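The values are calculated or read from the model by the stated rules, or taken from the named source; none is laboratory data. This one's a predicted model, so the numbers in the text were calculated from it and none came from an experiment. No Cβ is skipped: glycine too gets one built from the backbone with ideal geometry, and neighbour counts run over all protein chains shown.
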Amino acid sequence: MSSNNDCDAVSVVVALVVFALPLTLLVPGFSVWNILPKIRISRFHILDQDLTWSQLNAALCTLLVIFFCFYLEIRRRTLDEMVENVFTISQATDTAMEEERDRQAEAVRACVQLLDTSAEHYENLILLRDELRKREKPFQHPPIIELSSSEL
């Protein structure tokens, strides 16, 4: 989906959650854990430890920040890979363009050389034609016989 937005909905929601949860630590007596439904887990003794709600809230905020940083790092690496691909294609294009410019310059040089040679030959032909006209004797026509008025 291509849109005009600079960021997608997932990034916005994750950023809001990551940066809004630590602000809840500033509200005295408020905890995210008070909003969530309570489930008693007796199998996992680690969670049954003596932790306060603010400690669990801080741990959750820290985990979310870490996961958000991982998410941003993954996005950055993807973008870096795209940029690297663009640079590679750009370098290949520049190389091809340089080779094409060299080839065209060589073709132009060959055309100029052919035009110079052609002009020299043309000048030589013009000079030879003029010289032949000078050497040539004027062409003599046979005498014209005119009819006299009596023969008509």
Determine, yes or no, whether residue 85 is within 30 Å of residue 11 (Cα to Cα), part of a helix (DSSP H, G or I) and at pLDDT 90 or above.
yes
Tell me, please, whether a residue that is under 17 Å from the mean Cα position of the chain (by Cα), in a helix (DSSP H, G or I) and within 30 Å of residue 19 (Cβ to Cβ) can be found in region 92-104.
no
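Within region 48-82, take every residue that is among the polar types (S, T, N, Q) and not in a helix (DSSP H, G or I) and give me the one that is surrounded by the most Cβ atoms within 10 Å (Cβ to Cβ). Let's see the steps before the verdict.
We begin by selecting, within region 48-82, every residue among the polar types (S, T, N, Q); these are 49, 52, 54-55, 57, 62, 78.
Narrowing further to those that are not in a helix (DSSP H, G or I): 49, 52.
On the way: 49: 8, 52: 10.
My answer is 52.
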Output the residues belonging to region 27-58 that are closer than 30 Å to residue 76 by Cβ and at pLDDT below 75.
32
